[in-house]
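Engineer: Below are the structure tokens for one structure; questions will follow.
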Amino acid sequence: ISLSPKEVDIVVIGGGQSGLAVGYFLRRTGRSFVILDAGSAPGGSWNQGWDSLRLFSPAEASSLPGWPMPRPATDIGEFPSRQQVVDYLTQYESRYKLPIERPVRVRQVTVSGNGYAIETDRGSWQANAVVNTTGTASHPVVPPYPGQTDYTGVQLHSGSYRSPEDLAGQRVLIVGGGNSGAQILADVSRVAQTVWVTLNEPTFLPDDVDGRVLFSRATERYQTLQTGETPKPTGNLGDIVMVPTVRDARSRDVLHAVRPFERITRTGVQWADGRTEDVDTIIWCTGFRPATDYLRPLGIVDTQGRIATDGTKATQLPGLWLVGYGAWTGFASATLIGVGRSARTTADEVSTYLHQHTPAFT
Ligand code: FAD
């Protein structure tokens, strides 16, 4: 590992779909850049995810810029599987010869002159601009409940759920009313006794509404917002897409949710009416927060792991962008089809910035 920092115009931190989309557009700027990825293989957090996980939109509506995702040769009717996404991202990075170094984990980023010093577990880099695309999957969120630490059963987060096999015959509580909650409930309810806990009544989209429709609605909202009008309320990306496994769960009449318990006991939960119920496993499908801890030394990360941005550009420090973290960094930016738009504007902004910027090093 070389001791002196490697100098490059732009460091992109994170080599999942968002980092690849940014890299695709940075290639055109003629600027030197490197993508540092903690993952040992391509695919970002698509390498996690449960076995039966499928995209909620067809291949042609789940593509990164430049190269449409090939349709699954085998099951045409089905939406692509998790593995097909990993294969697509793997081919994508070699197709565009993206300069990726992995596994490289960024430990911290600090201001250095009028650029940034990037410390990693495999040496350091010096850059004039930094684009963060580290996603959220490595930062699961579990809401606090009284009694949680006394619970003697098993607790796992949706981010580490793989398959229902080892839950057969158990009593399982599934907490969370988004797509993960619905899909994991559909999976587990085939082999175990399940109770689904959601803060509010879950919203199911009509059967013919999949990721494509959600994306075009999000585009409409975006365009209306650009004109300064107020968009009409439509379903949002958090509403439940009726993918085949969730439709099957509906036909088995398991898509019923109850409101949260008061507290967790040693062996289960206590409901608002005082009743207690034993459960063997609790699966928290309660989301994630941005993986931005390594940016804390910059003093601009809030308690939710977010940074104030205008679009994808940090507002409190120059030369820093965040792509792919969800609505606060661009609508639908945490989706394959949506991230392309914010990746393009980010690359344009970086290029303009570097044009006007005195480099931290020559
Ligand atoms: P990630 O894929 O998480 O990639 C981030 C990369 O950054 C990882 O490789 C990680 O190793 C790396 N990293 C993190 N920290 C560091 C560090 N300190 N230093 C270096 N590298 C680091 N989207 C769709 O378009 N369609 C769907 O159907 C869909 N279904 C989804 C289902 C589930 C259950 C989930 C959770 C998400 C789904 N998404 C879907 C959303 C989205 O596509 C994924 O979350 C996607 O993985 C986000 O890509 P990303 O590149 O932003 O982040």
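The values are calculated or read from the model by the stated rules, or taken from the named source; none is laboratory data. All of these numbers come straight from a predicted model, not from anything done at the bench. Using ideal geometry, Cβ is built from the backbone for each residue, glycine included, and neighbour counts are taken over all protein chains shown.
Engineer: Restricting segment 25-62 to residues that are of a type in the set (Ser, Thr, Tyr) and closer than 20 Å to Gly326 by Cβ, which is nearest to the chain's Cα centre (by Cα)? Steps first, please.
Structural biologist: Start the filter on segment 25-62 by keeping residues that are of a type in the set (Ser, Thr, Tyr), which leaves 29, 32, 40, 45, 52, 57, 62.
Those left that are additionally closer than 20 Å to Gly326 by Cβ: 45, 57, 62.
Working: Ser45: 8, Ser57: 16, Ser62: 14 Å.
It comes out as Ser45.
Engineer: Please enumerate the residues belonging to segment 1-53 that are among the polar types (S, T, N, Q), farther than 18 Å from Lys313 by Cα and away from the ligand (no atom under 15 Å from the Cβ).
Structural biologist: Scanning segment 1-53 gives Ser2, Ser4, Ser32.
Engineer: Could you tell me whether segment 9-20 includes any residue that is free of Cβ contacts under 8 Å to residues at least 24 places away in the same chain, at negative phi and not in a loop (DSSP other than H, G, I, E, B)?
Structural biologist: For segment 9-20, residues free of Cβ contacts under 8 Å to residues at least 24 places away in the same chain, at negative phi and not in a loop (DSSP other than H, G, I, E, B): absent.
Engineer: It is to be established whether one or more residues within segment 65-84 are farther than 24 Å from Ser342 by Cβ, assigned to a loop (DSSP other than H, G, I, E, B) and modelled with pLDDT of 95 or more.
Structural biologist: no
Engineer: With respect to Thr358, is the statement that it is more than 13 Å from the ligand (Cβ to nearest atom), in contact (Cβ under 8 Å) with a residue 12 or more places away in the chain and surrounded by fewer than 17 Cβ atoms within 10 Å (Cβ to Cβ) true?
Structural biologist: Numbers: more than 13 Å from the ligand (Cβ to nearest atom): yes; in contact (Cβ under 8 Å) with a residue 12 or more places away in the chain: yes; surrounded by fewer than 17 Cβ atoms within 10 Å (Cβ to Cβ): yes.
Criteria met by Thr358.
Engineer: Moving on. Would you mind finding the one in Gly147, Gly115, Gly135, Gly159 that is surrounded by 17 or more Cβ atoms within 10 Å (Cβ to Cβ), of a type in the set (Gly, Ala, Ser) and away from the ligand (no atom under 14 Å from the Cβ)?
Structural biologist: Result: Gly115 is the single residue among Gly147, Gly115, Gly135, Gly159 that is surrounded by 17 or more Cβ atoms within 10 Å (Cβ to Cβ), of a type in the set (Gly, Ala, Ser) and away from the ligand (no atom under 14 Å from the Cβ).
Engineer: In segment 65-85, what residues are surrounded by fewer than 14 Cβ atoms within 10 Å (Cβ to Cβ) and either within 13 Å of the ligand (Cβ to nearest atom) or of a type in the set (A, V, I, L, M, F, W, C) (or both)?
Structural biologist: Trp67, Ala73, Ile76
Engineer: Further, regarding this structure: Does Ser62 fit the bill of being at pLDDT below 95 and near the ligand (Cβ under 9 Å from one of its atoms)? Talk me through it step by step, then tell me what you get.
Structural biologist: Values: at pLDDT below 95: yes; near the ligand (Cβ under 9 Å from one of its atoms): yes.
Spelling it out, Ser62 is indeed at pLDDT below 95 and near the ligand (Cβ under 9 Å from one of its atoms).
Engineer: Can you tell me which residue within segment 162-178, out of those that are closer than 14 Å to Ser189 by Cα and in contact with a helix residue (DSSP H, G or I) (Cβ under 9 Å, 6 or more places away or on another chain), is farthest from the ligand (Cβ to nearest atom)?
Structural biologist: Per the criteria, the residue is Gln170.
Engineer: Would it be correct to say that Ser351 is over 17 Å from Val8 (Cα atoms), in contact (Cβ under 8 Å) with a residue 12 or more places away in the chain and in contact with a helix residue (DSSP H, G or I) (Cβ under 7 Å, 6 or more places away or on another chain)?
Structural biologist: Against the criterion (over 17 Å from Val8 (Cα atoms), in contact (Cβ under 8 Å) with a residue 12 or more places away in the chain and in contact with a helix residue (DSSP H, G or I) (Cβ under 7 Å, 6 or more places away or on another chain)), Ser351 does not qualify.
Engineer: Which number in (1) outside any helix (DSSP H, G or I); (2) surrounded by 13 or more Cβ atoms within 10 Å (Cβ to Cβ); (3) out of contact with any helix residue (DSSP H, G or I) (no Cβ under 7 Å at 6 or more places or on another chain); (4) aliphatic (A, V, I, L, M) marks the one condition that Ala218 misses?
Structural biologist: Every listed condition holds for Ala218 apart from (1).
Engineer: Sticking with this structure for a sec: Kindly check whether there is at least one residue in segment 277-288 that is in contact with an Asp or Glu (Cβ under 8 Å, 6 or more places away or on another chain) and over 15 Å from Ser18 (Cβ atoms).
Structural biologist: no
Engineer: I would also like to ask the following. Just to be sure before I move on: is Arg54 surrounded by 17 or more Cβ atoms within 10 Å (Cβ to Cβ), among the basic types (Lys, Arg) and in contact (Cβ under 8 Å) with a residue 12 or more places away in the chain in the structure I sent?
Structural biologist: It is true that Arg54 is surrounded by 17 or more Cβ atoms within 10 Å (Cβ to Cβ), among the basic types (Lys, Arg) and in contact (Cβ under 8 Å) with a residue 12 or more places away in the chain.
Engineer: Looking for something away from the ligand (no atom under 13 Å from the Cβ), within 27 Å of Glu165 (Cβ to Cβ) and of a type in the set (Val, Ile, Thr) - is there at least one such residue anywhere in segment 86-97?
Structural biologist: No: zero hits.
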